[in-house]
Every structure is written in structure tokens, then in C-alpha cells.
Amino acid sequence: MLQTKKKQAIIKKTRVHDKDTGSSTVQIALINERIEQLTKHLKKNQKDESSRRGLLKMVSERRTHQKYLDKQGKH
């Protein structure tokens, strides 16, 4: 899980306008951070299959958001 301060910093850095918290670019940035944390966890805990499954779901979710941005021409 992301800490609130870190999450807010990521949102501030990638948002499109002042009240933007849910655009695809923000969501991709947050998912990227969670993926990085999970990969570090899985390097230490190689037999944690439930976390590995969650990681794969996050990668798929990120890919979906990236495809949406590509279709919109905003990426």
C-alpha cells in the first residue's frame, strides 16, 4: 500500500489540473509505484503467489489505461 504523503506527491506531480485525482495519467503513475513496491516484495518473498497474482492484475490494469490514452492521443 502507498502511504498517503507519497500518494499525494505522485498525484501533484502528474495531475492535469488542480482537482485531478483520477485521470488515466494519475492512475498509471500510482499503479507504477505500487508495481515497483510489489516487485521489491516479491524479490524477497519468492513463494508469495497471491502477491504475484495481484502484480499481474496491476500490470494488466496499467496496460488498459495506457491503451485508453493511446486511443485518445494524449500519450
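The values are calculated or read from the model by the stated rules, or taken from the named source; none is laboratory data. No experiment lies behind these values; they were computed from the predicted model shown. A quick note on method: Cβ atoms are made from the backbone with ideal geometry, for glycine too, and the neighbour counts reach across all protein chains shown. Keep in mind that these areas ignore ligands, DNA and RNA; they rest on the heavy atoms of the full protein, side chains included. Shrake-Rupley method; radii C 1.70, N 1.55, O 1.52, S 1.80 Å.
Projected label points at Leu69 and Asn32, each 7 Å from Cα along the beta carbon direction, are separated by 0.7 nanometres. Compared with the dominant Cα axis of the chain, that is its longest principal axis, helix 24-44 is turned about 10°. Rg then Dmax, both in Å and based on the Cα atoms of the chain: 13.7, 42. Across the chain, the relative contact order, built from alpha-carbon pairs under 8 Å that are at least six residues apart, equals 29 percent.
For each pair in Lys19/Lys74; Lys6/Lys40; Lys7/Lys71; Lys7/Lys74; Lys12/Lys74, compute the distance between the two Cα atoms and list the pairs where it is over 25 Å.
On the way: Lys19/Lys74 19 Å; Lys6/Lys40 17 Å; Lys7/Lys71 27 Å; Lys7/Lys74 23 Å; Lys12/Lys74 18 Å.
With Cα atoms farther than 25 Å apart: Lys7/Lys71.
Nearest 10 degrees is fine. How inclined is helix 49-72 to the longest principal axis of the chain, computing both from alpha carbons? Rounded to the nearest ten degrees, it is 20.
Subtracting the Cα-Cα distance of Arg15 and Ser50 from their residue separation scaled by 0.36 nm leaves 9.5 nm. For the chain, the solvent-accessible area with a 1.4 angstrom probe is 81 square angstrom per residue. Surface composition of the chain: carbon and sulfur make up 49 percent of the accessible area, probe 1.4 Å.
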